[in-house]
Every structure is written in structure tokens, then in C-alpha cells.
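Visitor: So that we are looking at the same thing, I have put the structure below in C-alpha cells.
The values are calculated or read from the model by the stated rules, or taken from the named source; none is laboratory data. Only a predicted model underlies this, so the values are computations on that prediction, with no experimental measurement involved. A quick note on method: Cβ atoms are made from the backbone with ideal geometry, for glycine too, and the neighbour counts reach across all protein chains shown. Surface accessibility is based on the protein's heavy atoms, side chains included, excluding ligands, DNA and RNA. Shrake-Rupley method; radii C 1.70, N 1.55, O 1.52, S 1.80 Å.
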Amino acid sequence: MKLKDKVALVTGASRGIGKAIAIRLAQDGCHVVVNYIKEVTQANAVVKTIEKLGRKAIAIQADVADEKQVKAMVEKSLAFFGQIDILVNNAGIVFDVPLFERTVEQWKRTMEVNLLGVFLCSKYVAYAMKKKKTGTIINIASTNGIHTYHPDSIDYSATKAGVINLTKSLAHELSPFIRVNCVAPGWVDTDMNKELPKDYIKKETEHVYLKRFAKPEEMASVVSFLASEDASYMTGSILVVDGGYP
Ligand code: NAP
């Protein structure tokens, strides 16, 4: 168990990539804080899965875009586990809407969850990590933050470019004791993509060199690597995990 008795806080861990990350880190030996915003039943199911692995877990509801709720989540996590060694900023949303139909509310909410949320969780968790002079943060961006190949998610792409930049700034600011890295996934088979038109998904699948979307577990294994001592000399790095894309 390469992460035995470490404590991980994973945002947006009730479903999709976050759920796979929470379970993978537990398999590696972590105790886990399972953050969610709405899906309490799914968050509790993730907690049960982790407990069956012999690790401890709690589900904490908090909107990562709300400073008071983030602060309370971090305080509750520290009260329960006494430490946070690994923060995975995974929670994210997308509104797939063309430019001329996009509203200011959608734009602002995307910015708040995807970018402000990463800043807030990093700020409050890093404060506790800094006191212990150890810890690691992993941000989940997207290849949308590097290329802009989905025209209906301009604000989403802008937030993910922001997360990539924020990763580098935090890596600098929090050095030398806290490592901060980023995973930029390509297409992953989760709820986030379930409303996309079938013909669009087919076209995109054809573009990917490996001819399929990733499984969430294929992102979790990379996060597991970055969280571990195997990545001890990595900070400020952006790992693209997209199955090959032109
Ligand atoms: P998903 O299946 O839609 O799951 C989203 C998760 O985020 C859920 O656990 C949800 O909680 C949580 N969440 C949403 N808003 C939140 C908020 N304000 N505060 C706290 N939690 C919140 O998404 P996913 O596909 O797993 O995506 C996870 C991350 O990977 C995101 O950052 C996304 O941008 C990124 N990503 C995804 C893909 C992809 O193709 N799927 C590609 C590149 C990057 P509830 O269950 O309670 O609603």
C-alpha cells in the first residue's frame, strides 16, 4: 500500500472520475473525505465501498464555490482525521451551450465551480499542509484547457486553462514542501458527457488514437501516481491523459 494511512480529500467524489479517484486512493491505503454537492446517496455508497476496503471515509456536502462551505469542510475533515495529506480538486461542471445562447449566469457558475473552487479548496487545505510542511495537491483540468476543440463550452475551456496556470502558480507558491500537479484528461466516459449528441461522440471517438473514451479508473491511476512518492520530484507538471488526440 503505497499511500498507507494518508488522508485524501477528493472534491466531487460521488460520481465519475472523482469516485474512481476516491476508491483508487483507498485501495492504495488512504482514508478519504468524499465531497459532493447533491448526490448524497451516491456519496454514501462511495463511503461504503471505501470502508469495505478497510479504510475510513466520510461524505461531506459542500459547494466548492462557496468559501464558508469549503472552510467548514476542511475544518470537519481535520477534526475527523487530524490531517489532510492529499487534495484532489476534481469537482467540475459544464454547460454545453452555443455562444449566442450562453448566459452570464452559466458563465459565472462555471467560473465559480471550476476555477474559484480550486483556489478555495487549495487555500484552506494548503494552510493546514503548510503547518505540517508536507502534502500534495492534484488538480483535474482538461485538454479543453490546452486545445479548444469543443465550441459549445467556451467558459469551461477558459476555466481549465485557468486551472493549468493556477497549478503552476501554486506549485511555485507552495514549494518546497507541497507538490502541486495537474491531470488534463481528454474524453472520459462519465455523466458529464451523457447529454452530448451520439453522432458527435462517435466522431470524437474516431479522432482518439486509442479509438475509445477513457474509463474513470484510467484517470485515477495517474492521480495515484502523482500522489505517491513515485512522483516525488514532480511539481508544477501537467500530465495530458487523452488516449492520443491530433
Ligand atoms: P461528473 O460525472 O459530472 O461528476 C461531477 C462531480 O462533481 C460530482 O461528484 C458532483 O457532485 C461534483 N460537483 C459538481 N459541482 C460541485 C460543486 N459546486 N461542489 C462540489 N462538488 C461538485 O463529472 P466527471 O466527468 O467525473 O468530471 C470530473 C472532473 O474531470 C471535472 O473537473 C471535469 O471538468 C474533468 N474532466 C472530465 C472529462 C470527461 O470527459 N468526463 C474530461 C476532462 C476533464 P454531485 O454528484 O453531488 O452532483
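Visitor: What size of dipole, in debye to the nearest 20, comes out for the stretch 7-235 about its Cα centre when the only charges are +1 on Lys and Arg C-beta atoms and -1 on Asp and Glu C-beta atoms?
Guide: Working: 29 positive and 25 negative charges, 125 e Å.
Once rounded to the nearest 20, the dipole reads 600 debye.
Visitor: Counting only DSSP beta bridges with both residues in the chain, what percent are antiparallel, rounded to the nearest 5?
Guide: In the chain, DSSP labels about 0 percent of beta bridges as antiparallel.
Visitor: Which of Lys19/Lys202; Lys76/Lys123; Lys194/Lys215; Lys4/Lys168 have a Cα-Cα distance over 21 Å?
Guide: Lys19/Lys202; Lys4/Lys168
Visitor: Given a 1.4 Å probe and every protein chain left where it sits, what share in percent of the accessible area of the chain is carbon and sulfur?
Guide: Exposed carbon and sulfur together represent 55 percent of the surface.
Visitor: Right, another one. If DNA, RNA and ligands are ignored and the probe is 1.4 Å, what is the ranking of His207, His172 by accessible area, most exposed first?
Guide: His172, His207
Visitor: Sticking with this structure for a sec: For a quick protection proxy, order the peptides 15-21, 66-72, 97-103 by their average other-Cβ count within 10 Å, most packed first.
Guide: Working: 15-21: 25.4, 66-72: 16.0, 97-103: 10.7.
Listed from highest to lowest mean packing, they are 15-21, 66-72, 97-103.
Visitor: Next up: Would you work out which of Thr235, Pro197, Thr103 lies farthest towards the positive end of the dipole of the chain? Charges go on Cβ: Lys and Arg +1, Asp and Glu -1.
Guide: In the chain, that residue is Thr235.
Visitor: Considering the dipole of the chain built from charges on the beta carbon (Lys and Arg +1, Asp and Glu -1) around the Cα centre, which of Val180, Ala79, Leu170 is farthest to its positive end?
Guide: Positive-end residue among those listed: Ala79.
Visitor: I would also like to ask the following. Let me check I've understood the local charge: for Val74, count other residues with C-beta under 14 angstrom from its C-beta, Lys and Arg +1, Asp and Glu -1. What total comes out?
Guide: Computed value for this residue: +2.
Visitor: Something else: Which of Lys198, Lys52, Lys211 ends up with the largest GNM mean-square fluctuation for the chain, with Cα atoms connected below 10 Å?
Guide: Comparing Lys198, Lys52, Lys211 in the GNM, the peak value goes to Lys198.
Visitor: When a/c is below 1.5 the answer is rounded, else prolate if a/b is larger than b/c, else oblate, so apply that to the stretch 131-175 with a ≥ b ≥ c taken from the square roots of the Cα gyration tensor eigenvalues.
Guide: Prolate, because a/c is 1.5 or more and a/b exceeds b/c.
Visitor: Now for a different question. Please give the helix 40-52 orientation as an angle from the longest Cα principal axis of the chain, in degrees from 0 to 90, rounded to the nearest 10.
Guide: 50 degrees
Visitor: Next question. For a quick check, take a GNM of the chain with Cα springs below 10 Å and name the residue from Lys48, Lys131, Lys108 with the largest mean-square fluctuation.
Guide: Lys131
Visitor: Next question. So what is the relative contact order of the chain, in percent, for Cα pairs below 8 Å that sit 6 or more residues apart?
Guide: Value for the chain: 19 percent.
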